[in-house]
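A short reminder: the numbers here are calculations on the coordinates, not readings from a lab. It should be emphasised that the depicted structure is a prediction, and the values quoted were computed from it without experimental measurement. We place every Cβ from the backbone using ideal geometry, glycine too, and count neighbours over all the protein chains shown.
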Amino acid sequence: MDNCIFCKIINKEIPSTIVFEDDEILAFRDINPVAPVHVLVIPKKHISKLTELEENDEVIIGKIYKKINEIAKTEKIFEKGFRVIVNCGEDGGQEVGHLHFHLIGGKKLGTKICQ
Ligand code: AMP
Ligand code: ZN
């Protein structure tokens, strides 16, 4: 998608700190981390938000969750735990219109997950 910042990151038009990449998935560090580990995991296919999933997109969503477990291991937060967040739409606080999974950890997170 032409004006999508995360598609530009996928296409290396914008720099990022990549922690994992294959044909279907990119994981890179959030530019404004809220915890010691804050990685964004995205499908390379432009899906604007969770409510815009199409037929068969559940396959890539499943792969993303498996990859999140692997990244949690390499980031050394697998054992102690972490949080995965998907913001969807205006009320969900989604700012970037390309589906992304926040992988957050490396410290004890608060029990309140929304404000
Ligand atoms: P959301 O509010 O769920 O849409 O989250 C968007 C996230 O993208 C925020 O945590 C931003 O800090 C992050 N972000 C925005 N631009 C970049 C960028 N160029 N590189 C890395 N992370 C970014
Ligand atoms: Zn995109």
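The table below lists the values:
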{"quantity": "Matching residues in the stretch 15-28 - criterion: being within 12 Å of ligand 1 (Cβ to nearest atom) and in contact with a strand residue (DSSP E or B) (Cβ under 7 Å, 6 or more places away or on another chain)", "calculated": "Ser16, Thr17, Ile18, Val19, Leu26, Ala27, Phe28"}
{"quantity": "Count of residues meeting criterion [touching a helix residue (DSSP H, G or I) at 6+ places or on another chain (Cβ under 6 Å) and within 15 Å of His102 (Cα to Cα)] in the stretch 40-58", "calculated": "3"}
{"quantity": "For Lys12: the one exception among (1) among the basic types (Lys, Arg); (2) under 23 Å from Lys107 (Cα atoms); (3) within 14 Å of ligand 1 (Cβ to nearest atom)", "calculated": "(2)"}
{"quantity": "Subset of the stretch 9-45 [of a type outside the set (A, V, I, L, M, F, W, C), within 15 Å of ligand 2 (Cβ to nearest atom) and crowded, with 16+ Cβ neighbours inside 10 Å]", "calculated": "Ser16, Pro43, Lys44"}
{"quantity": "Residues being assigned to a strand (DSSP E or B) and touching a residue at least 40 places away in the same chain (Cβ under 8 Å) - total across the stretch 1-28", "calculated": "4"}
{"quantity": "Tally of residues being without any contact (Cβ under 8 Å) to a residue 40 or more places away in the chain and touching a Phe, Trp or Tyr at 6+ places or on another chain (Cβ under 8 Å) across the stretch 69-115", "calculated": "5"}
{"quantity": "Residue match in the stretch 54-77 (condition: under 20 Å from Glu95 (Cα atoms), surrounded by fewer than 17 Cβ atoms within 10 Å (Cβ to Cβ) and either more than 16 Å from ligand 2 (Cβ to nearest atom) or of a type in the set (S, T, N, Q) (or both))", "calculated": "no"}
{"quantity": "Search result, residues across the stretch 56-115 that are among the hydroxyl-bearing types (Ser, Thr, Tyr) and within 11 Å of the chain's Cα centre (by Cα)", "calculated": "Tyr65"}
{"quantity": "Check on Ile31, within 27 Å of Lys107 (Cα to Cα), outside any helix (DSSP H, G or I) and either within 11 Å of ligand 1 (Cβ to nearest atom) or of a type in the set (Asp, Glu) (or both)", "calculated": "yes"}
